[in-house]
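The structure appears right after this line, and notes come after that.
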Amino acid sequence: MRKKYSLLISLLITALVLLTILHLNGGFNSWNLTDFNSNSTEGIILKELHLPRTIMVLIAGSSLSISGLLMQTYFNNPLAGPSILGISSGSNLFVAITLMSSGIFSSNFSIISAAIIGAIFFSFIILGFSLKVKSTTSLLIVGVMLSAFTSSIVQLIQAESTLDALRSFTIWNFGSVQQVQLDQIPIILIFFFIGFISLIFLIKPLNLLVVGENQAEFLGLNPKKIRWILIIITSIFTGLVTAFCGPISFVGLAVPNLVKLIFKTTNHKTLIIGTLIIGSLFLLICDLLTYSLEDLISIPLNSITSLFGAPIIIWIIIRKKWHD
Amino acid sequence: MIEIKEVEIGINANLFSIDKVKLEKGKLYSLIGKNGSGKSTFLRTLGEIIPPFKGKIHWEVNSSKEQRISFVTSKFDGVEYLTTYDYIALGRAPYTNIFGKLKSEDHDFIKNICDKLNLNPLLDKFTTEISDGERQIASIAKAICQDTELIILDEPIAFLDYENKIKITQILADITKQRNCCIIHSSHDIDISLIKVDELLIIDSINKELTQYPIEKINKAMVLNIAFPNVQLLDI
Amino acid sequence: MKRVICTLFFGIILFGCNNKKEIYKSDKNQNIEFAKHFKIIKKENKTIVSIIHPDNNTIDKSFYIDKNEPNTIWYNDIKYHTNTIISFSSTFIGLLDKLNELDRIKAVDDKNLIFNKEIIKKINNEIIKELGSPETASTKKIIKTKSELILFSGFGNEFPNEEKLKKLNILCLPIYDWKETHPLGKAEWIKLFGLLTNKEKEAAIYFNNLKKRYLKLKNTYKNAELSAPLFSGSVIGDFWYLPAGESYIARLFKDARINYVEKNSPGTGSVSKSFEYCLKNFKKAKYWLNPGSKSIKLMIDQNEKYKLFDALKQKTYCYSHNPNLYWEKSAIEPDSLLMDIIQISHPELNLKRELYFYKKLY
């Protein structure tokens, strides 16, 4: 079985590397190998536009997919996504408030800060609830209700906003990997790395959670501790992406399901590696499409992820043998 | 090994009290009582999921909970893409390192148990692809791999056919002797219990007490009298 | 000698008077020269105004003004008074200001979009009401103003709740001045406003003088050197919206002898281009108009990648207009706008004038 995975993973990594190089050089449209250090316009475009975009798309794809995997394993629910705990709705709310107060003149920095503060704030709310709520199903419902509640507040804010603020908010909701600046990349990488390292320590708990939280507890899992760690790590991964790219949907939902279908295992060592690779590939392909059609038509990133993500989920559900 | 003295069992109120019960290694215990008498509550108290209503349960050994107690539920529906081997291997979790890595000694241990329980042909299949009875045996194998002093089973044979009921009860009896552990299970199959177990723990819901009876000192009529006083023994 | 001079003098006066008469004559014919989205037809006793739908060239609304009943218009056999007006665009304020008819305004959309100090004062004193955008304006508040005429920037659709308002004797007129692609076409809408406010003559006079000034300006500089490359706009989300080659702004650029980088793109509105396209094509452009911020620091706060454009790097050639002033007056004072743009893009002409709409960004 190990050999089977090695081949598959090597193939996937090769695809990832090739498509990354394609993306870095401008996608199908403007393929153009240039020197990194050149001071020409092409060189500047490569360094300031392409490089952050490529790095961001890989980080966003893998982060969101991993968050989705963590949530799906913890809640034992294939329809759980990174937003299920309501953390991204926190970012949504705070960004809506920021845009309403300053409209189209909001600075990039204030939007990023608002998203991060929103994610942290709502993580605390969920952590607070998690202390009072025992079962995982109840926690899931709390998360979903929190999202719904926040949505209605956001709608209220939108009803009172200027047209400029509304437009900015709508555009933020399109999701974009192009907004990130080159000098923001190091800090993004640091946080991604922190999340990534913690994943190594989550392999065993996640493998135990596969048989349910009760059985896992008998096998030595500390449910309270694991709940906290999962919430914090999901917040880091999801908050990071939402802050710099806006809310990107369907990646966290579709990719883990796809990974399980391809690798046919519950061992999270394999699943995590598979999710990181396939998550990056998925969003990379979506963005390559946006790239290629850029000069003809502007397609929001979220439209493409949904156009691909939803059919994948439907296909998985149809293919699945429901055994309840 | 485990001493339960002057303890009351219940969550919000006392369901029944225990004067003195001793659970020893190498013995198979059967817990008998009416529906609602508090069997599951007692097992969960033993399993340290909930505290006793009053009093404390004393253990001789002091190791961590996951190395002392293992718990088998009545029904396991399997998990998609989880192989039987990997499921059973989860039992070794209390002994693996922080990354969950199984050493070769662990693998040997697991394979040994699977061999004894005749699970070898099922090991590569997914837990969703084997039968209920096979899954139950696998769950027991997992509990055995956990190598605990006490194995608790909550109605393990309730959903199985007659053949499997006998088979599993025999397995439980064998394991207590072979691995020198204590196994307690709740059961509605009084006849099978009377043949295979070492001692009965019977809940008298009218007097609200649980008493321990070695198998030599009890028969079916007595069991019914204590646990199900309204039932008349059918002469077949 | 004295007699020659006197004759000449009287001749000139007569000639001048005759000229005035001629202006009147062209008023009577109402020859709409530049505007494409409204028509005026003069009949015996009435003047018919048709507003043309920009998408399908059909008549969107047609009303007439009875010569004997000033300050009223007739639409579908119903009379509407134009003594009071609700205005949903600051451009209309600019137009009404030129005709000295600001007193007719009873309600506007948003105080924050207004430049005219008088109007702002009246809003603060609640003499003029604030209604918000057409989509969010409450019908109740509209009725309270007791006005019978709503002027709004048409988008091809009806005004929200238009039918209900008609039943309450309030007429909604879509104004398509913003769809005009010629700067003078935009300004020519003052003629329609003149008819609404019984200031037909004044409107005509203003427009003719404006036309002369504008064309003279254009003529004066028609042989100037084509300027260094210039681009305009800013990025919204991932895309840059630029004036298309046949748009009103592109026309202004052409009249100002500007080397506009997107002059060849088709369309009369805007085109959307990716950031990369813009960086590739505009990086070396010298002038940057309307980057949508009030200072260079704010521009960088919005999007740090703006730093990659030479125009911003060198910090000398970014110009932004005061939005409220621009939206109020640029339509009706295209000559000042043209002059501004010529001045910005042709430093070699050494014009010592102060910019009217535009400010340099620092």
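The values are calculated or read from the model by the stated rules, or taken from the named source; none is laboratory data. Bear in mind the structure is a predicted one, so any value in this text is a computation, not a measurement. Don't worry about glycine lacking a Cβ; one is built from the backbone with ideal geometry, like all the others, and counts go over all protein chains shown.
Of note:
- Qualifying residue in the range C:258-271 (condition: among the basic types (Lys, Arg), more than 9 Å from every other protein chain (Cβ to nearest Cβ) and either closer than 22 Å to A:Leu49 by Cα or buried (at least 22 other Cβ atoms within 10 Å of the Cβ) (or both)): no
- Candidate set from the range C:137-153 (those that are in a loop (DSSP other than H, G, I, E, B) and surrounded by 14 or more Cβ atoms within 10 Å (Cβ to Cβ)); member that is nearest to the other protein chains (Cβ to nearest Cβ): C:Ala137
- For the range A:205-229, a residue qualifies if it is closer than 21 Å to A:Pro82 by Cβ and either among the aliphatic types (A, V, I, L, M) or within 9 Å of another protein chain (Cβ to nearest Cβ) (or both), and the qualifying residues are A:Pro205, A:Leu206, A:Asn207, A:Leu209, A:Val210, A:Ile226, A:Ile229.
- The set of residues from the range B:1-46 being aliphatic (A, V, I, L, M), within 24 Å of B:Ile168 (Cβ to Cβ) and not in a strand (DSSP E or B) comprises B:Met1, B:Leu43, B:Leu46.
- In the range B:134-170, the residues that are surrounded by fewer than 19 Cβ atoms within 10 Å (Cβ to Cβ), within 14 Å of the chain's Cα centre (by Cα) and in a helix (DSSP H, G or I): B:Gln170
- Positions within the range B:10-26 being crowded, with 21+ Cβ neighbours inside 10 Å and closer than 22 Å to B:Ile175 by Cα, in sequence order: B:Leu23
Conditions (1) more than 10 Å from every other protein chain (Cβ to nearest Cβ); (2) over 30 Å from B:Gly100 (Cβ atoms); (3) in contact (Cβ under 8 Å) with a residue 40 or more places away in the chain, marked per residue:
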| residue | (1), (2), (3) |
| --- | --- |
| A:Ile231 | yes, no, yes |
| A:Lys269 | no, no, yes |
| A:Leu276 | yes, no, yes |
| A:Ile297 | no, yes, no |
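- When C:Leu230 is tested against the conditions (1) touching a residue at least 40 places away in the same chain (Cβ under 8 Å); (2) within 14 Å of chain A (Cβ to nearest Cβ); (3) surrounded by 22 or more Cβ atoms within 10 Å (Cβ to Cβ), the lone failure is (2).
- Residue list for the range A:233-251, restricted to those being farther than 19 Å from A:Gly274 by Cα and either within 14 Å of chain B (Cβ to nearest Cβ) or part of a helix (DSSP H, G or I) (or both): A:Ser235, A:Ile236, A:Gly239, A:Leu240, A:Val241, A:Thr242, A:Ala243, A:Phe244, A:Cys245
- One residue from A:Ser91, A:Ser151, A:Ser83 being in contact with a Ser or Thr (Cβ under 8 Å, 6 or more places away or on another chain), small (Gly, Ala, Ser), surrounded by 18 or more Cβ atoms within 10 Å (Cβ to Cβ) and at pLDDT 90 or above: A:Ser91
- Filtered by the rule that a residue be within 14 Å of chain A (Cβ to nearest Cβ), surrounded by fewer than 20 Cβ atoms within 10 Å (Cβ to Cβ) and in contact with a strand residue (DSSP E or B) (Cβ under 8 Å, 6 or more places away or on another chain), the range C:102-130 gives C:Asp110, C:Lys111, C:Glu130.
- Taking residues in the range C:61-81 that are touching a residue at least 12 places away in the same chain (Cβ under 8 Å), and partners anywhere that are among the hydroxyl-bearing types (Ser, Thr, Tyr) and not in a strand (DSSP E or B), the pairs with Cβ atoms closer than 7 Å and at least 6 places apart or on different chains are C:Asn71/C:Thr82; C:Ile73/C:Thr82.
- A count restricted to the range A:122-139 and to residues that are in a helix (DSSP H, G or I) and exposed (fewer than 15 other Cβ atoms within 10 Å of the Cβ) stands at 6.
- B:Thr96 fulfils the conditions (1) more than 23 Å from B:Ser131 (Cα to Cα); (2) within 8 Å of another protein chain (Cβ to nearest Cβ); (3) touching a residue at least 40 places away in the same chain (Cβ under 8 Å); (4) of a type in the set (Ser, Thr, Tyr) except for a single criterion, (3).
- Restricting the range B:47-84 to residues that are surrounded by fewer than 21 Cβ atoms within 10 Å (Cβ to Cβ) and not in a loop (DSSP other than H, G, I, E, B), the residue that is farthest from the other protein chains (Cβ to nearest Cβ): B:Lys54
- The range C:308-351, subset basic (Lys, Arg) and either in contact (Cβ under 8 Å) with a residue 12 or more places away in the chain or at positive phi (or both), residue surrounded by the most Cβ atoms within 10 Å (Cβ to Cβ): C:Lys329
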